[in-house]
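Heads up: the structure comes next, in structure tokens.
Rule-based calculations on the coordinates, nothing more; no lab input. Computed from a predicted structure; not experimentally measured. Here Cβ is always computed from backbone atoms with ideal geometry, including for glycine, and neighbour counts include all displayed protein chains.
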Amino acid sequence: MKKLLFIVGGVLLMPLVAWAVQGTAIIKGTAPDSKISGNVTLTEENGGITLEAKIANVPPGKHGFHIHDKGSCDEMGKAAGGHFNPDGVMHGYMPKDGPMKAHAGDMGNIEVAADGTGTLKIFLAQDSLKTGKYAVEGKAIILHEKQDDFSQPTGNAGGRIGCGIIEAQEPQPVTVTQK
Ligand SMILES: [Cu+2]
């Protein structure tokens, strides 16, 4: 019995290997002469996705920032379709309103400083990268011309000035160190 406990204890102290899924999207301006650029990383963790975005060369102020349903940035971003909304729920702000009162890709606004750069870090509950109803792989991230005022049905954020398609990598093994 003592020997068994010793073995179990030894196993628990070994590093665990987990499978992490990561994604990226490269944001580009939708107008031919646009200098808008950006980089988005998505990490699947804790039952959702942590999304981090950095954008540059964008007019200062708040800009609506959403995941849209289709994986195309053509026609000045219009080809990306409406908001990614697998449950057909109202428009909102995911971190505040939650999955029943916000679209799966409702990230609110990204605030751009006077130098044209902006960053956003946000957790999207229940979204995943590759599998299930809430998988965002192949969807478009849209940067809007105006701010999302959270009115129905889509926040009245105007045109689509930046766009990028979410690409997910194959799951990578990562070592989780136990605390
Ligand atoms: Cu949008």
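Here, the chain has an Rg and a Dmax of 19.1, 73 Å when only alpha carbons are counted. When the helices of the chain are scored as -39500 (n - 2.57) per DSSP H run of n ≥ 4 and the total is divided over every residue, the value at 222 nm lands at -2500 deg cm²/dmol. GNM remark for the chain: springs join alpha carbons under 10 Å apart, and the peak mean-square fluctuation among Leu143, Leu51, Leu16 falls on Leu16.
The phi-based Karplus calculation (6.51 cos²θ - 1.76 cosθ + 1.60; θ = phi - 60°) puts the 3J(HN,Hα) values of segment 126-142 at 6, 5, 10, 8, 10, 10, x, 4, 9, 6, 9, 4, x, 8, 9, 9, 10 Hz, whole numbers, x for Gly and Pro.
Please state the relative contact order of the chain as a whole percent: Cα pairs under 8 Å, 6+ residues apart?
30
Relative to the longest principal axis of the Cα atoms of the chain, the long axis of helix 2-13 lies at roughly 20 degrees. The relative contact order of segment 92-179, computed from alpha carbon pairs under 8 Å that lie at least 6 residues apart in sequence, is 21 percent. Could you work out which residue, out of Gly47, Gly162, Gly138, moves most in a Gaussian network model of the chain, that is, has the largest mean-square fluctuation with Cα springs under 10 Å? Residue with maximal mean-square fluctuation among Gly47, Gly162, Gly138: Gly47. Each residue in Lys130, Lys35 was given a count of other beta-carbon atoms within 10 angstrom of its own, and listing them fewest first yields Lys35, Lys130.
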